[in-house]
Amino acid sequence: MHPERIAERFKEWFEAGRVTGVGSATLKALRDLAAGAHWALAGARGEFASGSGAAMRAAPLSFFLDPSVDADRRTIRDVSRITHHSDEAYAGALAVIVALRLCARLAAVPQDLLSVVAADLPDTAVRDRLLDLSGYRGSPTDAALRFGCSGHVVEAVPIALFVAASAADEPLASVISTAVSLGGDADTIAAIAAQLAAISGRPIPDTFVARLPELPQIGPVLDRFVSLLR
């Protein structure tokens with residue numbers, strides 16, 4: 001899907017009151033889009049532009065875009081820019097997509113996940129942090145204390161991948177529990193770590209699915225999404 005169409009959907013959902021609980025950069029972009037701004041000019045800039053919002057929503061793109069293809073990589077960058085004008089935010093989204101595609105192909109989360117993903121990223125602080133963490137042998141708790149686990153994409157995305165690699169043989173519920181226990185930007189870190197665990201083949205507990213407050217609305221959306229993959 002072209003970034004312009006994604007921006008149109010964002011605008012439609014925002015105006016219909018269907019978007020809630022978003023970060024400041026995404027809220028700014030939604031307001032700008034609703035006011036008629038071009039999608040390439042709507043995102044946050046400056047110190048608030050390097051959040052994890054683009055990485056948080058990148059997962060569906062991994063099914064359709066191949067980062068080894070230049071045109072697809074540009075699309076990933078443009079989709080990130082709708083909300084975050086930041087090379088770091090783009091690198092975080094790219095890292096998630098590369099990691100998801102790798103785990104899907106292997107049907108596992110490899111122990112060298114962080115270094116493999118880092119090799120596919122541009123020269124950014126996100127890449128440097130992935131490399132730093134790839135050689136770290138402490139627990140996720142210790143890693144979070146040393147390297148940080150805030151909403152800054154340089155912290156959130158690498159620690160999420162670290163959690164996933166550290167819990168490569170654990171059930172999805174344990175992966176989520178570990179990620180949440182770190183504190184910081186717990187929802188982002190847990191979401192990305194859980195995506196990697198799930199795409200590697202670990203089942204989502206039925207009890208988790210049953211607790212989704214909007215399950216009747218989510219089901220048809222997922223069915224349409226899956227139909228596009230066939």
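The values are calculated or read from the model by the stated rules, or taken from the named source; none is laboratory data. As the structure is a computational prediction, the values presented were derived from the model and not from experiment. We place every Cβ from the backbone using ideal geometry, glycine too, and count neighbours over all the protein chains shown.
For the condition modelled with pLDDT under 90, crowded, with 20+ Cβ neighbours inside 10 Å and under 27 Å from Pro158 (Cβ atoms), Ala7 does not qualify.
Yes/no matrix, rows are residues, columns are (1) buried (at least 21 other Cβ atoms within 10 Å of the Cβ); (2) closer than 22 Å to Ser68 by Cα; (3) among the acidic types (Asp, Glu):
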| residue | (1), (2), (3) |
| --- | --- |
| Val109 | yes, yes, no |
| Ala173 | no, no, no |
| Ala179 | yes, no, no |
| Ala186 | no, no, no |
| Gly201 | no, no, no |
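Applying the criterion of at least 3 residues that are within 27 Å of Ala167 (Cβ to Cβ) and either in contact (Cβ under 8 Å) with a residue 12 or more places away in the chain or out of contact with any His (no Cβ under 7 Å at 6 or more places or on another chain) (or both) to the helices (runs of 4 or more DSSP H) found wholly in region 50-124 leaves 53-56, 87-106, 113-118.
Take Ile204 and decide whether it is in contact (Cβ under 8 Å) with a residue 12 or more places away in the chain, part of a loop (DSSP other than H, G, I, E, B) and closer than 20 Å to Cys103 by Cβ. In short, yes.
Taking region 133-163 as the range and being acidic (Asp, Glu) and under 21 Å from Ser86 (Cα atoms) as the test, only Glu155 passes. For region 168-185, filtering for residues that are at pLDDT 95 or above and in contact with a helix residue (DSSP H, G or I) (Cβ under 6 Å, 6 or more places away or on another chain) leaves 7.
Of all residues in region 125-137, exactly one satisfies the criterion of being touching a helix residue (DSSP H, G or I) at 6+ places or on another chain (Cβ under 6 Å) and outside any helix (DSSP H, G or I), namely Tyr136. Residues that are among the β-branched types (Val, Ile, Thr) and loosely packed, with under 12 Cβ neighbours inside 10 Å were ranked within region 210-230; the one that is farthest from Ala95 (Cα to Cα) is Val221.
For region 134-154, does any single residue satisfy the condition of being among the hydrophobic types (A, V, I, L, M, F, W, C), at positive phi and either in contact with a strand residue (DSSP E or B) (Cβ under 6 Å, 6 or more places away or on another chain) or loosely packed, with under 14 Cβ neighbours inside 10 Å (or both)? Checked against the condition, which is being among the hydrophobic types (A, V, I, L, M, F, W, C), at positive phi and either in contact with a strand residue (DSSP E or B) (Cβ under 6 Å, 6 or more places away or on another chain) or loosely packed, with under 14 Cβ neighbours inside 10 Å (or both), region 134-154 yields no hits at all.
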